[in-house]
C-alpha cells in the first residue's frame, strides 16, 4: 500500500477546488499550479501550496506536462490528480508523472491510449469511424469530433456536404487549442437520441463497479448543461446492457480508477460513443445517489486499496445544472467581468471555482458553478433544483440561470421526454424575454431612498409642498437590452410611483423595497455594483437620463460580443465585397471556444478592422456591413 500525503492537481478552477476539498477531509496537503492569469484564482488561494507555471499564453500553460511534473517535484508532492480536460487523458503525461516517481491518480497509460482517442476506442469496441474524404450526401448528417478530450470542443454537426471542409478545419483548430491534439474524425449523427452514460470505478484487484446511469441529453454546442442520475425511463434490460458494456470496456483495457462510458440511446438501443478515462464534470449526481466520494475512491484506489465486492445501493434521484457565464439568446456568447456574488439556498450542493469579487476572464471555460439537488424522487429533485436556481443570487455578468430554471420546468424535461436536440427545438421559447414590470420601479425607489443628507437625516430630496414634476430614472434590463423609464414623486406620505395604478410602496430602503401590487406584497432585495443594479432576480443597468451624445456608431457596425482573439477571416473576404445575411465573416476565440461573427444583413462590407491574431475587447469594432438601402440613401 502507498500512502499519499501531498497531492498536486494538474488543473484549475472548479475541479481543482473540488479535489482539494476531499484532500482536506483526508488530511492530504494540497498543491495548486497556476498560469499568470490564475495567480489570484480561487484554486490558487485555497491550496496549501501553489506553483506558477510559465507559459506563452494562459490557454497553453496547463498543457505543459513537463512543467507540471517539475512543479510537483519542487513542491514535494507524492501524487498528481489530473482533474478533467487539459492533460487528464494524455497517456504521455501519465507516464511522465509515474517516471518521476509520483503516484498517478488515474488509469494506466495503456488504458488511456486505448480509450482516450475516440477513434481507437471505437476500434477496440468493434466499430469504425467514417473516412472524411468518403462522406457522401447519403451519410448526412454527420458529426465531426475531436479524437482527444471532450466537453464539446472540436465538435461540429454537418448537414451540408459543402460545409464539411470548413467544419473539419474549425474542429481541428479548436481541438488543438483545447487539448494540444488536432486529430478529428467523422461519425454518423443520430437525430433524436439521448446521451446516457455509465460511471465505472475499478481497482487493481480485479473489481469493477458500474455505478448506475446518468442522462446528459440537455446540451448546448455539444456541451452538457443539465445532467441527472439515474437516467430516467430506461428498461431494466437496457440498463443491464449499458452496465455490462461499460464493465466490459473497463476490463478490456485493464482499467483502474474512475471512468465513464458514454452511449447514444435511440429507439431502445444503445450505441457506444466513447470512454472518458477520467472523472467527469457531472460526477456529483452519482455521488449523491450512491452516497460516495468518487475523488476519495480515486485516491484510495491509487494507493492500492481494494474496492468492496459490490457498490452501495443507489438511493433517490439527483439533478445537476451547470451555471455558465454566457448569453444563450446571443448564440451562447460567453460573458466576462466581476462576479460580485454567487450563492444558492441551503440544501443544494454548489461546486465552484470562483469566490465573490473574482474576475471571469476570457482564457478558460465559461462555467461558473454546478448546482446539485438530491431527493427521494426525480420530480422532487427537479423541483428543488429549479426553485434553488430561481432564488439564487447571481450578481455579475450575464448567465444562463433563467434558461436553466425554464429548462427544468419544461414539460418535455419534466416528463423525461428530452433528447440531445432539446435546445434546437426550444431555445427561442426558453430565452424569450419575460420582464418583471416592477423591478425597475423597485430599483428607482431604492436609489431614491438612499439619497440621504451627510448627517444621516433624511434629506427632502425632490419633495415640495406644491405640485412639481416627478423624478425620473432610466434602466436597461440585462441581457436583452430593453430600456425602461420610471417616474415617482416624493410626497408627504413618502415615495409614490407615477403611472403605476394598483401599486403602493410599503417600504423603501436602499437594500429592500416592498411593493403592494393589487393587494399582494412583493419584496425586492436590492444590490448595487457600480451601474449594475439587481432588483430581486432582475439585473438592470442604470442609464443616464439623456442619450449619450458621444455615441456615433455607424449603422451595420459589427462589435465584438466578448473579449477574445481573432483566429481567422473568411477566405477571400475583402472590403467592397457583397455579403449575404448570415454569411460568416470572421471567427473569435474566447474561453476555449470559437465564435462565428456573421453579417447582420445583406449589403456591402465597407470596413474590416479585424485581422488574425488581434486581441479585442468587448465592443471593439470588427467590421461594418452597409445595407443596400443605406448606400442608396447616401448616394
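Please tell me if residue 617 is at pLDDT 85 or above, surrounded by fewer than 18 Cβ atoms within 10 Å (Cβ to Cβ) and under 29 Å from residue 63 (Cα atoms).
Judged against the criteria, residue 617 is not a match.
Considering only residues that are closer than 20 Å to residue 289 by Cα and under 15 Å from the mean Cα position of the chain (by Cα), look in the range 370-394 and name the one that is surrounded by the most Cβ atoms within 10 Å (Cβ to Cβ).
372
Check every one of the strands (runs of 3 or more DSSP E) wholly within the range 207-296 and list those with 2 or more residues that are in contact with a strand residue (DSSP E or B) (Cβ under 6 Å, 6 or more places away or on another chain), modelled with pLDDT of 95 or more and crowded, with 24+ Cβ neighbours inside 10 Å.
208-220, 223-229, 257-266
Read through the list (1) in a loop (DSSP other than H, G, I, E, B); (2) within 23 Å of residue 325 (Cβ to Cβ); (3) modelled with pLDDT of 80 or more, then give the number of the only condition that residue 597 fails.
(1)
Quick one: would you say residue 55 is closer than 20 Å to residue 178 by Cα and either part of a loop (DSSP other than H, G, I, E, B) or outside the structural domain of residue 325 (by TED's automatic domain parsing) (or both)?
Yes.
Residues checked against (1) assigned to a loop (DSSP other than H, G, I, E, B); (2) over 20 Å from residue 279 (Cβ atoms):
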site: 11; (1), (2): yes, no
site: 21; (1), (2): no, no
site: 40; (1), (2): yes, yes
site: 44; (1), (2): no, yes
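Identify, please: which residue in the range 41-65 is surrounded by fewer than 17 Cβ atoms within 10 Å (Cβ to Cβ) and at pLDDT below 95 and is, among those, farthest from residue 12 (Cα to Cα)?
This residue is 56.
What about residue 582, is it farther than 30 Å from residue 472 by Cα and at pLDDT below 90?
It is true that residue 582 is farther than 30 Å from residue 472 by Cα and at pLDDT below 90.
So which residues in the range 164-180 are under 22 Å from the mean Cα position of the chain (by Cα) and either at positive phi or buried (at least 19 other Cβ atoms within 10 Å of the Cβ) (or both), if there are any at all?
Of everything in the range 164-180, those that are under 22 Å from the mean Cα position of the chain (by Cα) and either at positive phi or buried (at least 19 other Cβ atoms within 10 Å of the Cβ) (or both) turn out to be 170, 171, 174, 175, 177, 178, 179, 180.
What are the residues in the range 88-102 that are under 15 Å from residue 278 (Cα atoms) and not in a helix (DSSP H, G or I), if any?
If the condition is that a residue be under 15 Å from residue 278 (Cα atoms) and not in a helix (DSSP H, G or I), then 88, 89, 90 are the ones that fit.
Could we say that residue 589 is assigned to a strand (DSSP E or B), in contact with a helix residue (DSSP H, G or I) (Cβ under 6 Å, 6 or more places away or on another chain), outside the structural domain of residue 58 (by TED's automatic domain parsing) and modelled with pLDDT under 90 here?
So residue 589 fails the test.
Would you pick out the residues in the range 301-330 that are surrounded by 16 or more Cβ atoms within 10 Å (Cβ to Cβ) and either without any contact (Cβ under 8 Å) to a residue 24 or more places away in the chain or on the phi > 0 side of the Ramachandran plot (or both)?
Within the range 301-330, just 316 meets the criteria.
Of the conditions (1) surrounded by fewer than 21 Cβ atoms within 10 Å (Cβ to Cβ); (2) touching a helix residue (DSSP H, G or I) at 6+ places or on another chain (Cβ under 6 Å); (3) in the same structural domain as residue 308 (by TED's automatic domain parsing), residue 161 clears all except one; give me its number.
All conditions are met except number (3).
Being closer than 22 Å to residue 248 by Cα, out of contact with any helix residue (DSSP H, G or I) (no Cβ under 7 Å at 6 or more places or on another chain) and not in a loop (DSSP other than H, G, I, E, B) is true for just one of 111, 121. Which residue is that?
Exactly one residue qualifies, and that residue is 111.
Residues in the range 182-206 that are modelled with pLDDT under 95, part of a loop (DSSP other than H, G, I, E, B) and surrounded by fewer than 20 Cβ atoms within 10 Å (Cβ to Cβ): how many?
Number satisfying all stated conditions: 6.
Output the qualifying pairs, or none if there are none: Cβ atoms under 6 angstrom, residues six or more apart or on different chains, first residue in the range 509-535 and outside the structural domain of residue 342 (by TED's automatic domain parsing) and in contact (Cβ under 8 Å) with a residue 12 or more places away in the chain, second residue part of a loop (DSSP other than H, G, I, E, B) and surrounded by 18 or more Cβ atoms within 10 Å (Cβ to Cβ).
515/438; 524/536; 529/340
The values are calculated or read from the model by the stated rules, or taken from the named source; none is laboratory data. If you're wondering where the values come from, they're calculated on a predicted model, not measured in any experiment. When we count neighbours, we look across all protein chains shown, and the Cβ atoms used for this are built from the backbone with ideal geometry, even at glycine.
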